[in-house]
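One structure is given here, and the rest of the page talks about it.
The values are calculated or read from the model by the stated rules, or taken from the named source; none is laboratory data. Owing to the predicted nature of the structure, the values given are computational and were not obtained by experimental measurement. For neighbour counting, all protein chains shown are included, and Cβ atoms are generated from backbone atoms with ideal geometry for every residue, glycine included.
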Amino acid sequence: MTSVDANEIEWQFDAVDLRSVVRWLSEPAGWEEEGLGPVRVAPAGSDNHVDVYLDTDDRRFHRAGYALRIRRPTRRDGRGGEAALKALESTAAQPGLRARREVSEAIAETDPSSLTQAPGAVGERVRAVAGTKPLLSLFEVRTRRRLFSVEADGAAPGEIGLDETGIRPADGAPPEPPDTGAATPS
């Protein structure tokens with residue numbers, strides 16, 4: 001299984017309605033007037049997934065400064081998923097900018113109990129932190145993500161993800177209404 005230990009850097013913004021963001025992305029020619037130079041934006045597909053956030057009953061991962069999650073695609077096409085530990089605190093000093101450590105591992109099974117058997121970096125850390133404590137579901141985040149590639153002369157290409165999310169508590173309470181306004185370029 002593949003494991004990655006990296007510093008994730010992304011800008012995160014909230015928008016009440018993503019339609020205005022999509023319109024803005026569809027007219028990059030107007031950005032030159034704002035001093036941004038020639039910019040090319042193109043739709044790059046979608047990535048719909050469900051994230052299940054986990055911890056022990058005594059919140060060992062939270063106390064260690066990390067969120068533990070399993071991500072699985074909403075369409076089951078034989079692929080497994082991904083387990084990740086993300087630092088809770090950002091090291092970035094600018095508002096909206098998030099820079100934090102993320103350790104991730106491809107996993108064949110997306111059942112929370114399978115994490116204790118995962119052979120990579122996340123599995124090792126789960127065994128070390130959780131010990132014999134079972135992992136409990138805290139909540140679930142369902143995300144519909146629309147992706148756009150962004151290129152500007154002289155700059156490395158980037159990606160913008162427009163997320164529409166809904167949060168479902170693990171305790172059976174009614175789900176939170178969808179958040180239709182997270183734009184996360186990375």
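Among Pro119, Pro112, which is the only one that is more than 15 Å from the chain's Cα centre (by Cα) and loosely packed, with under 14 Cβ neighbours inside 10 Å? Give the derivation first.
Details: Pro112 fails: loosely packed, with under 14 Cβ neighbours inside 10 Å.
It is Pro119.
So in the stretch 150-183, with the set limited to residues that are within 24 Å of Glu27 (Cα to Cα) and over 17 Å from the mean Cα position of the chain (by Cα), which one is modelled with the lowest pLDDT?
Looking at the filtered set, the residue picked out is Gly154.
Can you say whether Leu88 is of a type outside the set (Asp, Glu), surrounded by fewer than 18 Cβ atoms within 10 Å (Cβ to Cβ), at pLDDT 95 or above and under 17 Å from the mean Cα position of the chain (by Cα), as far as the supplied structure shows?
Yes; evaluated as a whole, the condition is true for this residue.
Can you tell me which residue is surrounded by the most Cβ atoms within 10 Å (Cβ to Cβ) among those in the stretch 19-58 that are at pLDDT 90 or above and touching an Asp or Glu at 6+ places or on another chain (Cβ under 8 Å)?
Val52
Go through (1) in contact (Cβ under 8 Å) with a residue 60 or more places away in the chain; (2) farther than 26 Å from Trp11 by Cβ; (3) of a type in the set (A, V, I, L, M, F, W, C) and name the single condition Leu97 misses.
Among (1) in contact (Cβ under 8 Å) with a residue 60 or more places away in the chain; (2) farther than 26 Å from Trp11 by Cβ; (3) of a type in the set (A, V, I, L, M, F, W, C), the lone unmet condition for Leu97 is (2).
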